[in-house]
1. Can you tell me the FRET efficiency between Asp90 and Gln347 if r is taken as the Cβ-Cβ distance and R0 is 41 Å, rounded to the nearest 0.05?
2. Where nothing but the Cβ of Lys and Arg (+1) and of Asp and Glu (-1) is charged, how large is the charge dipole of the range 247-355 around its Cα centre, in debye to the nearest 20?
3. What's the magnitude of the charge dipole for the range 148-189 around its Cα centre, counting Lys and Arg as +1 and Asp and Glu as -1 at the beta-carbon? Answer in Debye, nearest 20.
4. How many nm separate the modelled label positions at Lys244 and Lys174, each set 7 Å beyond the Cα in the direction of the Cβ?
5. Based on Cα coordinates alone, diagonalise the gyration tensor for the range 64-133, multiply each eigenvalue by 5, take square roots, and list the semi-axes in whole Å, largest first.
6. Mind listing the long-range amide H neighbours of Val124? Cut-off is under 5 Å, sequence gap 5 or more, other chains count too, H placed in the peptide plane at 1.01 Å from N.
7. Report relative contact order for the chain in percent, whole number only (criteria: Cα-Cα under 8 Å, sequence separation at least 6).
8. Under the Kirkwood approximation for Rh and a Cα-based Rg, what ratio Rg/Rh is obtained for the range 226-349?
Amino acid sequence: MSHSPDSSQSTLSHISIIRPDDWHLHVRDGEALKSVVPFTAKQCGRAIIMPNLTPPVTTTEQAGIYRQAVLAAAGENSTFQPLMTLYLTDSTPAEEIKTAVASGIISAVKLYPAGATTNSDAGVTDIRQCYPTLEMMQKLGLPLLVHGEVTHHEIDIFDREKQFIDQRLISLAKDFPELKIVFEHITTADAADFVRESSAYIAATITAHHLLMNRNDMLVGGIKPHHYCLPVLKRETHRQALVKAAISGNNKFFMGTDSAPHSRHNKETACGCAGMFTAFAAIELYTEAFDEADALDKLEQFSSLNGPLFYGLEVNSDKITLQREKWTVPDAYQFGDDVLIPLRAGQTINWKLVS
Ligand code: DOR
Ligand code: ZN
């Protein structure tokens, strides 16, 4: 941890909140999917399921098949609802948007700039190619979820989010003033400011790991592959700006874990994958972040109210309870026929979901 708890911290021993939703989640497919979905199904009412599989989920038909697999992995007795997304490419037809909306199972479309992150090779190379499709999304009210980083080699990796705002997002928002856009997993003060100052059509998700860690947690005292994700962790001032946004009570900011499981051998290698696995303790990690900011009273709004408000959905009808109790995270979890190293492996988390 990069900072110590504030002395003015609340000493509440329990907190009950409306069941949260995860507005940005990777669950993979096959056996890996079966390993990770139950963690989210236990905590969240719903989750936006990312489409960056190989091959990517580009059609409503594929998303329907994927949805059935996620539901099966959640288990028969689960009430968890996966909210599916389509992966935008340069050639996604506007017609596909009509099909997606008519299906009732597609909640959003995901824009990955080509080459920005895991399985983004089929992503968008030129956003102008997508304008007819975006036009249709704006007309039908289907949100665009944006991985907001430019990919040019000459742009420093720590500046890629800010450059995306300046080079892409400002003009996109101007060209589509009524397109709902979620600026995903924001990591900088610049992104928080941009969202705060933009219209009600623009919101943002914030991960627990970006609220809890800065780039020192990845680089000081030895390189930590399990703390490598994209967008990469930023400097402490940015972390503080994200905390401020999350606890502000502004309804434009909501929970999206970006829990992104990779096998241990794909992380602990010469060219490790980006992503942290946090779904096993998603709400506990957010609770810890809000507690450290002495803002437990703002947690429910961020985790359970703001997301449904933006997506035009009802909030969940039941509650969960967390207890202030330190517990030790397992060293690894099963992940298909491999293992997965969770965030905080072998270390403690200060809150525990009890019901
Ligand atoms: O760290 C990340 N992992 N960032 C992303 O954008 C993708 C994700 C993944 O799919 O592994
Ligand atoms: Zn993601």
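The values are calculated or read from the model by the stated rules, or taken from the named source; none is laboratory data. Just so it is clear, the model here is predicted, and its values are computed rather than measured. Glycine also receives a Cβ, built like all others from the backbone with ideal geometry; neighbour counts cover every protein chain displayed. In case anyone asks, the SASA skips ligands and DNA or RNA and just uses the protein heavy atoms, side chains included. Shrake-Rupley method; radii C 1.70, N 1.55, O 1.52, S 1.80 Å.
1. On the way: r = 43 Å, r/R0 = 1.05.
After rounding to 0.05, the efficiency reads 0.45.
2. Working: 9 positive and 15 negative charges, 14 e Å.
Roughly 60 debye, rounded to the nearest 20.
3. Working: 5 positive and 9 negative charges, 32 e Å.
In total the dipole reaches around 160 debye.
4. Label-label distance for Lys244 and Lys174, simple model: 2.6 nm.
5. On the way: eigenvalues 142, 49, 11 Å².
Values for the range 64-133, descending: 27, 16, 8 Å.
6. The answer is Tyr112, Ala114.
7. Details: 746 pairs, mean separation 72.5, N = 355.
Across the chain, relative contact order equals 20 percent.
8. Numbers: Rg = 15.9 Å, Rh = 16.1 Å.
Using Cα coordinates only, the ratio equals 0.99.
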